[in-house]
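The values are calculated or read from the model by the stated rules, or taken from the named source; none is laboratory data. As the structure is a computational prediction, the values presented were derived from the model and not from experiment. Counting neighbours? That spans all protein chains shown, and the Cβs are built from the backbone with ideal geometry, glycine included. Quick note on the areas: whole protein, heavy atoms, side chains included, nothing else; ligands and nucleic acids left out. Shrake-Rupley method; radii C 1.70, N 1.55, O 1.52, S 1.80 Å.
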Amino acid sequence: MTEREPVFTDLRAMYEAVDPPPAHLVDAMIAVVAAEDLDSEYELLSLMSRTSELVGTRGSGVMTIEFSHDETSVLLRIATVDESTRRIDGWVTGAAPTQARLTAGDRTWTGDVTDGRFEFDALPAGLIRIYFLGDAELATPTFEI
């Protein structure tokens, strides 16, 4: 037990006594999510692996990330251009997207997917998400480049 745990326990007990959550809150939230049918809007690709290649050598600053969902796989090669800029070369198999849309905060970049290949130049370092648009729409989770 850490020294913080008794404080958190007392704080939780106080809120449960003074302002408890409504009894139906969990069931109501499940119903709202089900009614929105969020799973059909975007299939979410899950992170399979993330590796650094050639660390400390002439290719340092290169990272490989792989996402997968059912029959679709996405491989990303992320290269450091400079301290604040990244380049992404990507390949997608299994799905037939025609466009890749990358979002970073309130900025968006769109690129064509040709024979499963796409790329984005001069991206700011930070959190991004990639959406694949076509017959089926897929999205990666948010990740950092």
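Numerical summary
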read-out: Single residue of the stretch 18-31 satisfying the filter (assigned to a helix (DSSP H, G or I) and open to solvent by 80 Å² or more (accessible area, probe 1.4 Å)) that is modelled with the lowest pLDDT; value: Ile30
read-out: Selected residue (criterion: nearest to the chain's Cα centre (by Cα)) from residues of the stretch 128-145 that are closer than 13 Å to Thr103 by Cα and open to solvent by 60 Å² or more (accessible area, probe 1.4 Å); value: Thr142
read-out: Test result for Phe120, hydrophobic (A, V, I, L, M, F, W, C), open to solvent by less than 60 Å² (accessible area, probe 1.4 Å), modelled with pLDDT of 95 or more and within 17 Å of the chain's Cα centre (by Cα); value: yes
read-out: Candidates Ala100, Ala125, Ala96, Ala104 - the one that is more than 18 Å from the chain's Cα centre (by Cα) and either under 18 Å from Phe143 (Cα atoms) or at pLDDT below 90 (or both); value: Ala96
read-out: Single residue of the stretch 78-134 satisfying the filter (outside any strand (DSSP E or B) and touching a Pro at 6+ places or on another chain (Cβ under 7 Å)) that is farthest from Met63 (Cα to Cα); value: Val113
read-out: From the options Ser49, Ser84, residue that is modelled with pLDDT of 90 or more, loosely packed, with under 13 Cβ neighbours inside 10 Å, out of contact with any Gly (no Cβ under 8 Å at 6 or more places or on another chain) and farther than 13 Å from Glu119 by Cα; value: Ser84
read-out: Of the criteria (1) modelled with pLDDT under 90; (2) surrounded by 13 or more Cβ atoms within 10 Å (Cβ to Cβ), which one Arg58 fails; value: (2)
